[in-house]
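**Student:** Structure in structure tokens, see below.
The values are calculated or read from the model by the stated rules, or taken from the named source; none is laboratory data. Remember, predicted model here, so these are calculated numbers, not experimental data. Cβ atoms come from the backbone with ideal geometry, glycine included; neighbour counts cover every protein chain shown.
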């Protein structure tokens, strides 16, 4: 989904055409309301798009967690390797 720029051309065109006329506050209020009506729908679309993207990220992280189950971290492996070498030297076992 592509987020588009809010179209305020309706408001600007009407303001330009009424520059020399007396504009009532009610007319301005209607123009502002119409501008907000359009942006409210776009905001809802953006919220839905954002929620969908975060849901996808969450699913991806859960898949990564599943794949990492049972994996040993490098520092843990290196610590165990050091301990095994010490035990081998104490027991005089040749490592081949």
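Yes/no matrix, rows are residues, columns are (1) modelled with pLDDT of 95 or more; (2) in a loop (DSSP other than H, G, I, E, B); (3) touching a helix residue (DSSP H, G or I) at 6+ places or on another chain (Cβ under 9 Å):
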position	(1), (2), (3)
57	yes, no, no
67	no, no, no
88	no, no, no
92	no, yes, no
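**Student:** Just to be sure, is residue 19 surrounded by fewer than 10 Cβ atoms within 10 Å (Cβ to Cβ), over 21 Å from the mean Cα position of the chain (by Cα), in a helix (DSSP H, G or I) and modelled with pLDDT under 95? Working first, answer last.
**Tutor:** Working: surrounded by fewer than 10 Cβ atoms within 10 Å (Cβ to Cβ): yes; over 21 Å from the mean Cα position of the chain (by Cα): yes; in a helix (DSSP H, G or I): no; modelled with pLDDT under 95: yes.
No, not satisfied.
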